[in-house]
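For reference, the structure is listed below as structure tokens.
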Amino acid sequence: MSEQCQGQCGCGHGASAGTDTVRRHAIGSVETVEDMVRRTPEAAEVLRRFGIDTCCGGRLTLAQAAAAAGVPVATLLTALDAGEPGSQ
């Protein structure tokens, strides 16, 4: 059974494709590195530029990985959301 938000999170689940109401799922700090890369493969490059290991560190949450890399989680989430490369 697929888990859906029933439209309460504003992500656009159930909206028709091609409409302005469809949005990608928001990135959250409790999402794991592994899940982020699985869902958005191009995020791996952003994570690596911040010094975050996408292989062995894959089970860490984005918040944990950011802390381990010495990066503010807000900075990491903004870069991932924008798809921009980070800097150390």
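Tell me yes or no: at least one residue of region 73-80 is modelled with pLDDT of 90 or more and of a type in the set (S, T, N, Q).
Within region 73-80, one or more residues are modelled with pLDDT of 90 or more and of a type in the set (S, T, N, Q).
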All positions within region 34-44 that are surrounded by fewer than 14 Cβ atoms within 10 Å (Cβ to Cβ) and in a helix (DSSP H, G or I): ARG38, ARG39
Candidates GLY57, GLY51 - the one that is at positive phi and not in a helix (DSSP H, G or I): GLY51
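The values are calculated or read from the model by the stated rules, or taken from the named source; none is laboratory data. Fair warning: this is a prediction, and the values are worked out from it, not measured in the lab. As a convention, Cβ positions derive from the backbone with ideal geometry for all residues, glycine included, and neighbour counts pool all protein chains shown.
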